[in-house]
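Before any comments, here is the structure.
The values are calculated or read from the model by the stated rules, or taken from the named source; none is laboratory data. Nothing here was measured: the structure is a model prediction, and the numbers come from that model. Methodologically, a virtual Cβ is constructed for each residue, glycine included, from the backbone with ideal geometry; neighbour enumeration extends over all protein chains shown.
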Amino acid sequence: MSLHFINQVPTADEIKKAYPISEKALAAKAKRDEEIKKVITGESDKFLVIIGPCSADNEEAVLDYIHRLAKVQDKLADKLILIPRIYTNKPRTTGEGYKGMLHQPDPEKAPNMAAGIEAIRKMHLRALEETGLSSADEMLYPENSLYLDDLLSYVAVGARSVENQQHRLTVSGMDIPVGMKNPTGGDLTVMMNSVIAGQGSHTFLYSGWEVHTDGNPLTHTILRGSVNRHGQCITNYHYEDLLQVIQLYEKLGLKNPACIVDANHANSSKKWDQQPRIVKEVLHSRNLSEEIKTLVKGVMIESYIEDGAQTVGAGCYGKSITDPCLGWEKSEQLLYDIADRL
């Protein structure tokens, strides 16, 4: 048999007992959840900025980054809600490369997912307890959401996962906003179908149980660009692209029409330094059209302490070991620029 059982990992209840959340942090998260929900439903005109490293590879550097973010949040709280990206599991196109802290708590050591589950719980918990900022993560493995469901205020389903049935149905049982990215091939119908599934109620198998969900009306779209059959990146953040998403929402009659624009990935051709330009164009489109302003609730930015990226083991503190990111100084300035342009 080619499948080898290595370690039995702790259950979600065991991990939550080992790393419990305080009453103060629970209250902070509940307040944040309500604020973010009101943005998605249109009750609030604040703007969401989901920002942070491509992958959270080092607990101390990530916490350093989020403490910096918290200071900016205090200054811009009247206009922006900053949601730190603490992405702990990375989809890999070929299966090769660093798969995130869930797989490897230490990127330079062998995979250890039992230790990884503890590490990601601890990091998300520290971020909330120390800064009051509840975070976002990507849902790569649907059943793992149970380990973090009391800590996260936002979840993204990636371009490679958005067509998967288990992802879609799991989203329908969540109580926080979940963004469904367009697939790598760019078909917006796939993205919209995933929103339909997430907003609906379902009965299915989950974590050894038959479960039933109520549906998640906060399920929405994320535009991240696409790649055509020639391997060329195709953007989808322009004025006309946003109007097309509006038309799709109107045609389908979905609840809470909302869209987040991812400024990196195929929208920037992974040119991290283009993210400020892309964000500013999206804000310009919002200011030109009341319909687009109503649709676009926020942006997603890949940002870390240092510009660019490095290889695993290169040793530069706060520099991405996966996709290149916008450094802190440029990111901080961009946040102030966003607030000024709203």
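Scanning the range 65-87 for residues that are assigned to a helix (DSSP H, G or I) and aliphatic (A, V, I, L, M), which turns out surrounded by the fewest Cβ atoms within 10 Å (Cβ to Cβ)? Going through the qualifying residues, I end up with A70.
From the list E34, E23, E43, which residue is under 18 Å from the mean Cα position of the chain (by Cα), over 30 Å from G97 (Cα atoms) and surrounded by fewer than 18 Cβ atoms within 10 Å (Cβ to Cβ)?
Working: E23 fails: under 18 Å from the mean Cα position of the chain (by Cα); E43 fails: under 18 Å from the mean Cα position of the chain (by Cα).
Exactly one of E34, E23, E43 is under 18 Å from the mean Cα position of the chain (by Cα), over 30 Å from G97 (Cα atoms) and surrounded by fewer than 18 Cβ atoms within 10 Å (Cβ to Cβ), namely E34.
From the list V39, V62, the one residue that fits, being touching a residue at least 40 places away in the same chain (Cβ under 8 Å), within 14 Å of S134 (Cα to Cα), part of a helix (DSSP H, G or I) and of a type in the set (V, I, T), is V62.
When you go through (1) closer than 27 Å to V157 by Cβ; (2) over 20 Å from the mean Cα position of the chain (by Cα) one by one for Y336, which number turns out not to apply? Going through (1) closer than 27 Å to V157 by Cβ; (2) over 20 Å from the mean Cα position of the chain (by Cα) one by one, Y336 breaks only (1).
Residues in the range 1-12 that are exposed (fewer than 11 other Cβ atoms within 10 Å of the Cβ) and either under 24 Å from the mean Cα position of the chain (by Cα) or polar (S, T, N, Q) (or both): S2, N7, Q8. Scanning the range 179-214 for residues that are in contact with a Gly (Cβ under 6 Å, 6 or more places away or on another chain) and surrounded by 18 or more Cβ atoms within 10 Å (Cβ to Cβ) gives K181, Q199, T213. For the range 60-109, a residue qualifies if it is touching a Gly at 6+ places or on another chain (Cβ under 9 Å) and among the β-branched types (V, I, T), and the qualifying residues are V62, I66, I81, I83, I86, T88. Quick check on R160: is it in contact (Cβ under 8 Å) with a residue 40 or more places away in the chain, in a loop (DSSP other than H, G, I, E, B), among the basic types (K, R) and over 23 Å from V49 (Cβ atoms)? Yes, satisfied.
Residues of the range 6-45 that are closer than 21 Å to Y147 by Cβ and in contact with a strand residue (DSSP E or B) (Cβ under 8 Å, 6 or more places away or on another chain): K29, R32, D33, I36. Where helices (runs of 4 or more DSSP H) fall entirely within the range 180-291, those with at least 3 residues that are closer than 26 Å to L169 by Cα, touching a residue at least 24 places away in the same chain (Cβ under 8 Å) and in contact with a strand residue (DSSP E or B) (Cβ under 7 Å, 6 or more places away or on another chain) are at 188-199.
Out of E118, E96, I need the residue that is surrounded by fewer than 22 Cβ atoms within 10 Å (Cβ to Cβ), free of Cβ contacts under 8 Å to residues at least 12 places away in the same chain and outside any strand (DSSP E or B). Which one? Walk me through how you get there before you give the answer.
On the way: E118 fails: free of Cβ contacts under 8 Å to residues at least 12 places away in the same chain.
Checking each option against the conditions leaves just E96.
Out of all the residues in the range 198-208, which are at pLDDT 95 or above and closer than 20 Å to N144 by Cα? If you could, list the steps in order and put the result at the bottom.
As a first pass, look at the range 198-208 and keep what is at pLDDT 95 or above: 198-206.
Answer for the range 198-208, where residues must be at pLDDT 95 or above and closer than 20 Å to N144 by Cα: G198, H202, T203, F204, L205, Y206.
Being of a type in the set (D, E, K, R), under 25 Å from Y249 (Cβ atoms) and in contact with a helix residue (DSSP H, G or I) (Cβ under 9 Å, 6 or more places away or on another chain) is a description that does not apply to D33. So which residues in the range 288-309 are of a type in the set (A, V, I, L, M, F, W, C), surrounded by fewer than 24 Cβ atoms within 10 Å (Cβ to Cβ), more than 18 Å from K38 (Cα to Cα) and out of contact with any Phe, Trp or Tyr (no Cβ under 6 Å at 6 or more places or on another chain), if there are any at all? L288, A309 - these are the residues of the range 288-309 that are of a type in the set (A, V, I, L, M, F, W, C), surrounded by fewer than 24 Cβ atoms within 10 Å (Cβ to Cβ), more than 18 Å from K38 (Cα to Cα) and out of contact with any Phe, Trp or Tyr (no Cβ under 6 Å at 6 or more places or on another chain).
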